[in-house]
Amino acid sequence: MTQETEVGEARTFLAAAISALGDLMPALSTDPALLARGRKWLAELTRLQGRLQPASMAQSPLAAADLRASVEAVVGDMRAGLPAEWQKQEAGADLDIIRAQLDAAVAAAASGNWAAAETARLDAYSLLESGTEARIAVFNPELKARLEDLLWHGQHPAGLARLIEQQAPAAEFGAARAALETALAETGRILGTEVAPAAVATNAGIIVFREGLEAVLILAALMGSLRKGTLVRLRRPMWLGAGAAFAATAVTWFVMQRTLSLLGQYGEKLEAVVSLVAIGVLLLIMNWFFHQVYWTDRMAAFQKTKHSLTHGTPAEQERAQRAQWWGLAVLGFTSIYREGFETVLFLQSLVLQSGAAPVLGGTAAGLAAVIGVGVLVFRWQAKLPMKKLLVWTGLLICAVLGVMVGNTVHTLQLVGWLPVHPLPFQLPAWAGLWLGLHSTWEGAVLQVAAVAAVIGSFFAAEALKERELRAKQQGAAMSP
């Protein structure tokens, strides 16, 4: 703080903070303890505002280190005291607020209130500078410079600061505002804050359909031998267990939502971590699936458990009669809840990227499709191509994996956990919205590597099976 312009900016930003905190005071009044803390924050910020006035600075200058320490103390206490829901950081919301502040600046200029116009302009710039501008600088430095020019002293079109100083006519403010809107829309597309809801809903629907279909096929396989005679009654506890698993999955959704909301202050870093976990689980599942370890071994274990519960000597059956009902119910629960838990984990990653509304819409569509297929499976159980259904949905999940990897790499680059090396060409915005394709080498290479790893795993498994088959055939031919 060595120049008067820096001190002036500090005064403006502090006044905006005091004004914002004043707007929050009615909401704080519902909690006496929180209201008391709010008054303490307001008093401390007001004290700092007094220390920054010209007369006070002339008598006793406020050092930058002292100001920083005081502000960090207030901010730390706010983070500890304010509800986690209030502290969520969403770049899309930042852009909306910036737009509103720019509109306020233009409206104030049109009415001749130049002081209010300058305050609104600085409010917009402070929010842009504190988060969005730093992130956009990584991917498009030219766009960052353009935003700076439009907000300050640019020439073509003239920047807002220049227009306010010159008290320019309304038409020139309109041209500057239109140019800023174009730049902000481009910023939103680059940062991925303006996500295509249909793309997110489609991905969510595919995930729910894939995992739900597997749950349906597991139940159908387990109940396939329980269709005749007295064995039909054994289906009931399995149905009840499956219903309980469905309810437990819904509870898991709300628990995860609540847990992640408490961590919402970490913003895109939380999104990156959850996305990495989801991708890791998805890669593991796809690898098991194509090796048929995931399906064959799981079904063998389920069938073995079912056989032990439904067969045995009369004495063993009598001793196990009470445990049989609960055992089958637990079997139905575990066989379904595992799929439900995986689905919730995958969907939380999408929620962090684009909100709950499109994810829930896609989930509803996927669930409706699962119910429809489930009716067909249990009505014409022996006639459906189970293996083909699994293979086709496996391919769909492979495509979803590619999109998830691209978006996760993009998020890791936004938070600074991965470097950025631009491609020699610019991909269209829709490629990022729908396919997770962004114009960086890291995203393109890792997307190709993830899909290639899964497909390569499939062909490796097929080659291994052929080798084992040939070995068995040779062994059979050499035996006496």
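Evaluate the stretch 387-404: report whether one residue or more is farther than 22 Å from A250 by Cβ, of a type in the set (G, A, S), modelled with pLDDT under 80 and in the same structural domain as V208 (by TED's automatic domain parsing). Yes, some residue in the stretch 387-404 is farther than 22 Å from A250 by Cβ, of a type in the set (G, A, S), modelled with pLDDT under 80 and in the same structural domain as V208 (by TED's automatic domain parsing). Taking the stretch 115-129 only, how many residues are of a type in the set (A, V, I, L, M) and farther than 15 Å from A20 by Cβ? Adding up the residues that qualify gives 4.
Take the stretch 198-232 and flag every residue that is of a type in the set (S, T, N, Q) and modelled with pLDDT under 80.
So the first thing to find is which residues in the stretch 198-232 are of a type in the set (S, T, N, Q), and the list is 202-203, 225, 230.
Within the stretch 198-232, N203, S225, T230 qualify.
Please report, ordered by residue number, the helices (runs of 4 or more DSSP H) entirely within the stretch 1-99 with at least 2 residues that are buried (at least 16 other Cβ atoms within 10 Å of the Cβ) and hydrophobic (A, V, I, L, M, F, W, C).
4-28, 32-51, 64-81
Across the stretch 233-288, the number of residues qualifying as within 22 Å of I371 (Cβ to Cβ) and either modelled with pLDDT under 75 or not assigned by TED's automatic domain parsing to the domain that holds A215 (or both) comes to 1.
Of the candidates E133, E118, the single residue that is of a type outside the set (G, A, S), at pLDDT 85 or above and surrounded by fewer than 20 Cβ atoms within 10 Å (Cβ to Cβ) is E118. Being touching a helix residue (DSSP H, G or I) at 6+ places or on another chain (Cβ under 6 Å) and modelled with pLDDT of 80 or more is a property that holds for G362. Would a scan of the stretch 434-446 turn up a residue that is modelled with pLDDT under 75 and farther than 13 Å from H410 by Cα? Yes - at least one qualifying residue is present in the stretch 434-446.
This table checks each residue for (1) in a helix (DSSP H, G or I); (2) in contact with a Phe, Trp or Tyr (Cβ under 9 Å, 6 or more places away or on another chain); (3) touching a residue at least 24 places away in the same chain (Cβ under 8 Å); (4) of a type outside the set (S, T, N, Q).
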site: L446; (1), (2), (3), (4): yes, no, yes, yes
site: A449; (1), (2), (3), (4): yes, no, no, yes
site: A461; (1), (2), (3), (4): yes, yes, yes, yes
site: E466; (1), (2), (3), (4): yes, no, no, yes
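Just one of (1) modelled with pLDDT under 90; (2) under 16 Å from L14 (Cα atoms) fails for E72. It is (1).
The values are calculated or read from the model by the stated rules, or taken from the named source; none is laboratory data. The structure displayed is predicted, hence computed values, not measured ones. Glycine also receives a Cβ, built like all others from the backbone with ideal geometry; neighbour counts cover every protein chain displayed.
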